[in-house]
Amino acid sequence: MLGPAVSGSFKSNPALLQTKVVTTASNYQNLNATVTNTIYYNPANFSEIGKILSGSGSGIGTFITTPYTVPATVKAGDAGKLGVSKEESILSPKTESASYFITSRDAGSLLVTKIVDTTGGFGTEQEKSVYRVDTNGSINLVSIAVQTSALGAAYKLVTYTFEGTPPVVVLPPINAPSTPISTSPAPVTGGSTALYLWSREATPTYLGCLNCNQFSAESICNQFGTYGSPYQSKSIWNQFGTYGSEFNTYSPWNQFSSSGPAIYGSDNLFYGYFTVNSFQSNRTTIPAYLSTLNFFRSNSNLASTRTYSCGA
C-alpha cells in the first residue's frame with residue numbers, strides 16, 4: 001500500500017516523505033511480516049535522500065542515500081545509474097545501488113524502470129519498479145517485482161501489479177498473415193495495438209508479442225515463457241535456435257539476411273520487418289525496436305540486448 005507524499009524531515013533536513021507498507025503471510029507455521037518503508041525525498045528536486053524500514057520481518061534499518069543523479073530529460077533507450085544508499089549499521093551493513101532504463105510503452109508514453117540492487121547482510125535482493133509516464137506528465141505505478149537470493153540462488157520472487165495502466169490488449173492471432181511484398185509499414189497509432197512477430201518461412205511461425213506486458217505468456221520479455229526464454233526454440237533470445245542465432249536465415253539478428261521476422265498488429269496491419277539488416281526494404285521504423293536492433297549491431301551480445309530491451 002502506497003501512502004501520499006507529506007512534508008517532514010530526514011536527519012534534521014526538510015523532506016517530503018512517502019510510506020510503502022508491505023504485508024506478507026505464509027501458510028508455513030502461520031508466519032506473517034509487515035514492513036513499512038518510509039522514503040524521504042529532497043523537496044527541491046524530488047530525488048531520494050534516504051529511507052527507514054521498520055516493522056517485523058527482515059530488512060529493517062535506516063539507509064542514507066547519496067544525492068541521485070537525475071537526468072533533466074530522457075527518451076526511449078536511455079539508461080544510467082541514479083545513486084547509492086548505505087545502511088546505518090555496524091552489523092552486516094547493506095548497500096543499495098539504484099539504476100534506471102527507459103523503454104517505449106506506446107506512441108504517447110514511456111516506461112521508466114527503476115532497479116535497486118541490495119548487497120550485504122546474508123544475501124542479495126533486487127527490486128524493480130516500473131512507472132508509466134505519458135506526454136501529459138501523468139505518472140502511474142505499473143508493477144513492483146522483488147527477487148531475493150542467498151548463497152547465489154534465488155529463493156523468492158514476489159511481483160505486485162497495480163491498476164492505472166491498462167495492459168496492451170492481447171489478441172493472439174489465429175492464422176499467419178500473408179507476408180507483404182511491397183506494402184509500406186503502418187505507423188503505430190496507439191497502445192491498444194498488440195504487435196506480433198512472425199517468421200518468414202514458407203509456413204510462418206509465431207514468435208510472440210513485442211509490446212505485451214512482460215508477464216503475459218505471449219510476451220518476448222517473459223523470461224519463463226515460450227517466446228521470452230533464452231532456452232525455448234521459438235524465442236528470438238535463443239542464440240542457438242532458428243530464430244535467435246545470428247547466422248540463421250530467419251533470425252532478426254542476421255545482418256546479411258533478407259528473411260528476418262515480420263511485425264503484424266492485432267489490427268491486421270503490417271508494421272515492418274524486425275531485423276538488424278539496415279538495408280532491408282520496409283524495415284520497421286518504430287523507435288523502440290530500432291533501438292534494440294541497433295544495440296545488438298553495436299555489440300553482438302544477445303543476452304545484453306535482451307536486458308536492454310526487456311530489462312530482465
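Within the group ALA217, ALA202, ALA194, ALA262, which residue is within 24 Å of ASP134 (Cα to Cα) and small (Gly, Ala, Ser)?
Among ALA217, ALA202, ALA194, ALA262, only ALA194 is within 24 Å of ASP134 (Cα to Cα) and small (Gly, Ala, Ser).
Got a number for residues in the range 12-45 being surrounded by 12 or more Cβ atoms within 10 Å (Cβ to Cβ) and at pLDDT below 75?
Final tally of qualifying residues: 8.
If I ask for residues that are more than 12 Å from PHE101 (Cβ to Cβ), small (Gly, Ala, Ser) and in contact (Cβ under 8 Å) with a residue 60 or more places away in the chain, which ones from the range 289-312 would you list?
Listed by number, the list holds a single entry, ALA303.
The values are calculated or read from the model by the stated rules, or taken from the named source; none is laboratory data. Note that this is a predicted model, so its numbers are computed, not measured. Positions of Cβ are backbone-derived with ideal geometry, glycine not excepted, and every protein chain shown enters the neighbour counts.
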